[in-house]
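To start, the structure under review is shown below, and the notes come after it.
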Amino acid sequence: MHGLINRAIQCFIEDTYGSSAWIEIAARSSLPDGEFEALRLYDPALTDTLIATATKHLDKDRASLLEDLGTYLVSHPNRASLRRLLRFGGQNFDDFLHSIDDLPDWARLAVPDLTLPGLELHSLGQGEYRIEIEENFRGAIHVALGLLRGMADDYGVLAVLSLSSDHPGVAVQVHEHQFSAGRDFHLAASL
Amino acid sequence: MAGCIHPAAVFALLDRTSPFHLAVDGTGTIIHAGPTLAKIGLAKSPVGRDLLSVVDILRPISGLDFADLHRVAGKKLHMRFRDDPGTRLKGEFCPLRGSDISVLDLSFGIGIVDAVRQYGLNARDFSHTDLAVEMLYLVEAKTAVIGEVKKLNDRLRTAVVDAETRAFTDTLTGIGNRRMFDTEIEKRLAADERVSLMLIDLDHFKTVNDTRGHAAGDQVLRHVAQILTGVTRSGDMLARVGGDEFIILFAGSLDIEQLDLIASRVISGIETPIPYARAFARVSASIGITQSVNYDRPTSDQMLRDADRALYLSKDAGKGIYTIFNPKDGMGIS
């Protein structure tokens, strides 16, 4: 598993539950060095162990912990750069969804050895979408669900997102395109 | 047929496919400006003005007049706005065949990152096929990745410094260790620096260790390290190189009076009884000294050997004594 993903889980736990929670979870997961380096590759089993330890320690079920992680990634001020990179995908939420198939390629463009889950958008008309997600790690769908919810808020769209019942993926129903102001996005990064 | 198409239709097309362009008539007067131009904030709207009064062409030839522009049609042009000389532009001059209209297609080139910030451009200011947005994404992704690399570098640097400090430190006394001494003397001799070497061996230390225990011995060693630290200056180096053996590497050559003063202070300091567990531990010290000026080509091995010989002369002479190695007439005992 790429260090960037592991590091994101670490930051999520530190920023949401405090660094003492992280130290405890890292120790119980027998994490060498007590933290992840963003630019190293790790055994995927370590990530699994870490998430299992975290769900136990924080008394949360796996699905909602991973969903919270997804939302954290695009909404927490400490992760502003990732949210910005995702916003390059489109000027509105529909544009963003239509660029989602390319997301793994965009990620690889930035970090060549970062492999994201494969994503495939099916547009069903009238604001209804189905996103098929190839789970390249266990729970990727839950992270994607949280992340997409966060992005819908970011664009100011009123949408209902849920796990699909018939295939591994997320069902999206956009109700209102300009429900709220959303958050500003300028191409130029603020200095 | 181009002749059948109204220029307004061409401009509308260009506004989408190349939103950053200017169109001129046969006299060089600007008759249309793409929507990105509105963002640039030129002092006056460019429409109706003379092209070369708005745009300053720098390369391939500067100072072109409008007629010359047709000669560089299709070539890569380097330009700037006369209103905004800080922003470099690239572009191409393209006559519209079958008419007297020409189009100057513009781009910020590599300056895109600054231009986007300066003019508040957004995705709508670029055509969907323009890779500008992808390029801005890459710049930002690269900045984020380099940020991570920098943080990693800082952590590694700190770890290296910590590891080096640990590797060169005697954990009991906090002063340098044998490795520190070896590294320092080699470094200084290689740089042809003059050094003076003082080898200090404790007397009666074994007795303290045997009768009062190791904790008492450790306390004595720490105490001695403090006394020796007191006689070193900032460029000198102090190390514990054996169980009860210390070395001071003094920077520069010292004269006999200075060596005498330092050695006497060291010996009397160490001979002062050391309080430990409501009693006193008593030790003394023997010293051997040599200096790099004694040798044509000083080496650490030779200097250590001679300091050691001087030290053993001191021990033989009755302890609590220092000896300065003299290369001409043997040893001078004090």
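Pick out, in residue order, every one of the GluC sites (Glu not before Pro) in segment B:82-177 that is DSSP loop and has at most 12 other C-beta atoms within 10 Å; say none if there are none.
none
Less than 12 Å apart at the alpha-carbon level, and either on another chain or at least 8 residues along: which aspartates and glutamates does that give for B:LYS39?
B:ASP125
Find how many whole Å separate the alpha carbon centroid of segment A:140-191 from the alpha carbon centroid of segment B:215-268.
70 Å
Straight-line reach from B:LYS151: which lysines fall under 16 Å, measuring Cα to Cα and dropping same-chain residues less than 8 apart?
B:LYS142
Test of understanding: in a Gaussian network model of chain A with alpha carbons linked when under 10 Å, which of A:GLY70, A:GLY127, A:GLY169 would top the mean-square fluctuation ranking?
A:GLY127
Can you work out the FRET efficiency for the pair B:ASP114 and B:LYS150, with r the C-beta to C-beta distance and R0 = 25 Å, to the nearest 0.05?
E(calc), rounded to 0.05, equals 0.70.
Taking the simple approach of a point 7 Å from Cα along Cα-to-Cβ for both B:GLU164 and A:GLN173, what is their distance in nm?
Label-label distance for B:GLU164 and A:GLN173, simple model: 6.5 nm.
When A:HIS177, B:HIS6 are ordered from fewest to most other Cβ atoms inside 10 Å of their Cβ, what list results?
B:HIS6, A:HIS177
Enumerate the lysines that B:LYS206 could reach by cross-link, defined here as Cα to Cα under 25 Å, with residues fewer than 8 away along the same chain left out.
Candidates past the 8-residue exclusion: B:LYS315, B:LYS319.
Measure nothing fancy, just the Cα-based angle from helix A:140-155's long axis to the longest principal axis of chain A, in degrees from 0 to 90, nearest 10.
Roughly 50 degrees between the two axes.
Quote the FRET efficiency, to the nearest 0.05, computed for B:ARG97 versus A:ARG108 with a Förster distance R0 of 41 Å and r equal to the Cβ-Cβ distance.
Calculated transfer efficiency: 0.45.
Going by how many other beta carbons lie within 10 Å of each one, how would you line up B:LEU259, B:LEU77, A:LEU82, fewest first?
So the ranking, lowest neighbour count to highest, is A:LEU82, B:LEU259, B:LEU77.
Mind giving me the FRET efficiency for B:GLU193 and B:ASN122? R0 is 56 Å, r the Cβ-Cβ distance, nearest 0.05 is fine.
It comes out at approximately 0.35.
Run the numbers on segment B:24-159 and let me know its relative contact order in percent, using alpha-carbon pairs under 8 Å that are six or more apart.
17 percent
Based on DSSP loop calls and a cut-off of at most 15 other Cβ atoms within 10 Å, the longest stretch of chain A free of exposed trypsin sites (Lys or Arg not before Pro) is what? Let's see the in-between values first.
Working: sites that count: A:ARG40, A:LYS60, A:ARG138, A:ARG183.
For trypsin sites (Lys or Arg not before Pro) (loop position, at most 15 other Cβ atoms within 10 Å), the longest site-free span of chain A is A:61-137.
Give me the one-decimal nm value for the distance between modelled label points at B:THR299 and A:ALA52, 7 Å along each residue's Cα-to-Cβ direction.
About 6.1 nm separates the two model spin labels.
Let a ≥ b ≥ c be the square roots of the eigenvalues of the Cα gyration tensor of the protein assembly as shown; is it rounded (a/c under 1.5), or, if not, prolate (a/b larger than b/c) or oblate?
Numbers: a/c = 4.77, a/b = 1.96, b/c = 2.43.
Cα axes put the protein assembly as shown in the oblate bin.
Please give the calculated 222 nm ellipticity per residue for the protein assembly as shown, where each DSSP H segment of at least 4 residues contributes -39500 (n - 2.57) and the sum is spread over every residue; nearest 500 deg cm²/dmol?
Details: 19 runs with 233 residues, N = 525.
Here the helix-only value at 222 nm equals -14000 deg cm²/dmol.
Rule-based calculations on the coordinates, nothing more; no lab input. Only a predicted model underlies this, so the values are computations on that prediction, with no experimental measurement involved. A quick note on method: Cβ atoms are made from the backbone with ideal geometry, for glycine too, and the neighbour counts reach across all protein chains shown.
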